[in-house]
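Engineer: Submitted below is the structure of interest, expressed as structure tokens.
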Amino acid sequence: AVWLAHATAGWRAGGLLGLAALNARLWARACLGSAFELDLEMTTPFTSFSSVRAGAFLLAYGVDPYAPGSACLHPPLMLWPLSALHADMLFFMLIVAEAFTAWALLRMAEAIRPWHSLSAKNPPPPPRPSSAPSPAEPSRAPFAMLAPALYLLSPHVVFGCASLSTSSLSHAPMAAALALSSAGRPAAAAASLALCTYIAPDAIWLFPAVAFPLLSPEPQPHSGAPAGASMPPISKMRRLLSRETSSGRALAFGVSWLLTGAALLLCSRLASGSWSFFSCYSAWATAAERTPNLGLWWYLFSVQILPATMPLLAAMHVLPHICLPHLVAALPSAPGLAAALSLNVATAFRPYPTGQDICFALSALAAQLSPHLLARTRRLPAALCVLCACTAAARSFWHGWLVDASLNANFLYAATLGLGGAHAVLVLDVAAAGLRAQQEAGDVGSRMKPPQAHAVQRLRPGSCREGSSGQARS
């Protein structure tokens, strides 16, 4: 609470938010913690504490936790520390991870610029060393607090933390990668993205959103000679590889991502003694688990015909994410909004989503919203209402199917279809609003030209008489 309040420069609001979030989690853990450990909205086979317990049980008897038929789906560098922790210690670790995620969301919310100053020809300037807003800009603290408040006080996040779901451990590096990318830190952003991909493979689809703000070309200096024309070759190479240039940032980003990913895989190989831990990632890639959840995959792969498995897998993995590079390139003036939209697309079409994942994606999108952008949305309220209604209906249908045996699987899948459709409509509506706002900002910027530029265009060389050359030059 103190950390969040200090970051927002609003001690009262941050303190109340942190205290309310902490009390809600303590109450949920004390009263209802064990009741949600197998809930479809809170946990999946990849995030449940039962997977950690299964791996710890096999490790205690000297059995490979990643042998065929094992229920452990956590990678080794997560399984070994979590299996050694007591349940209460893991609970407080999840609280710390969620506090860090809320702080990263707050930094993302405070980093956006007003839409009237954005255009494709006027890219965002490099971030200032100080996180405080400039005196000329009004403080966004009241509106910026919306994103961490939505994340910390969401019932799915509160009860997910109480049920010891490890989703929060993937949200922290994911939010850190997005925040570091907007802050212009290529090496740290790449390392955070590699760590998040190691924990949750769905983060690989955020590669364009994290890389594009760092690799955008820097503005060229306005001078008669091209930059670096008189430099020796070694100086030119140093300038190209410096962090002030796009090529240098690209090199730092790529090397950091590759080295971090290779180090994580090598440490996992040394810890497990074999490469069998890749069964976690193969289970994700092939959708091997058919446990009902809030996603769109489990029912499709339960009723599909066997020869159509591989084409359907390729379609579900690739087709929803083809738009992400183009989406990021279409919003060069608002890279944070493009990153939040990419996160929501990856969450809506991931194989095993939880309620925590959906709340985190929506909170990241809320961090990029402003009254100027909300005024250009058309279907956002309806999409939010359908999304909330389908989330509530999914739990009731799941209980009526698997507990009361009064319904069948079609009811639950209809709710998950409505949930995914509402999430997709929400993403499309906000993306269209962002494109409209960017186009309006570009039109305004193109009309607002200084009068000197018009005078220079009218007074071209040779267009005046010889006697008025001095007046033309002036």
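The values are calculated or read from the model by the stated rules, or taken from the named source; none is laboratory data. The model shown is predicted, which means the values in this text are computed figures rather than measured ones. Cβ atoms come from the backbone with ideal geometry, glycine included; neighbour counts cover every protein chain shown. We work out accessible area using only protein heavy atoms, side chains counted, and drop any ligands, DNA or RNA first. Shrake-Rupley method; radii C 1.70, N 1.55, O 1.52, S 1.80 Å.
Engineer: For segment 148-153, what does the Karplus curve 6.51 cos²θ - 1.76 cosθ + 1.60, with θ = phi - 60°, yield as ³J(HN,Hα) per residue in whole Hz, taken in order and with x for Gly and Pro?
Structural biologist: Working through the residues one at a time gives x, 5, 4, 6, 6, 9 Hz.
Engineer: Rounded, prolate or oblate: which one fits segment 330-426, using the alpha carbon gyration tensor with axes a ≥ b ≥ c (rounded when a/c is under 1.5, else prolate when a/b beats b/c, else oblate)?
Structural biologist: Working: a/c = 3.05, a/b = 2.22, b/c = 1.37.
Prolate, because a/c is 1.5 or more and a/b exceeds b/c.
Engineer: Send over a whole-number figure in Å² for the accessible area per residue of segment 300-445, probe 1.4 Å. Provide the component values of the computation, followed by the final result.
Structural biologist: Details: 5990 Å² over 146 residues.
It amounts to 41 Å² per residue over segment 300-445.
Engineer: Right, next: Would segment 270-415 count as rounded, prolate or oblate if I go by the C-alpha gyration tensor, calling it rounded below 1.5 in a/c and otherwise prolate when a/b exceeds b/c, oblate otherwise?
Structural biologist: On the way: a/c = 1.97, a/b = 1.23, b/c = 1.60.
Note, shape of segment 270-415 comes out oblate.
Engineer: Next up: Using Stokes-Einstein with the Kirkwood hydrodynamic radius over Cα pairs, what translational diffusion coefficient do you get for segment 288-345 at 25 °C and a viscosity of 0.890 mPa s, in µm²/s rounded to a whole number? Don't skip to the end; give the middle numbers.
Structural biologist: On the way: Rh = 13.4 Å.
Estimated via Stokes-Einstein, D reaches 183 µm²/s.
Engineer: Related question: Which value in Å is the Kirkwood Rh of segment 21-73 over different Cα pairs? Write down the numbers at each step before the final one.
Structural biologist: Details: mean 1/r = 0.0796 Å⁻¹.
After inverting the pairwise mean of 1/r, the radius is 12.6 Å.
Engineer: Here's something else I'd like to know. As I understand it, the dipole of segment 263-408 uses +1 on the Cβ of Lys and Arg and -1 on the Cβ of Asp and Glu, about the Cα centre. Which of Ala263, Leu300, Pro325 lies farthest toward its positive end?
Structural biologist: Pro325
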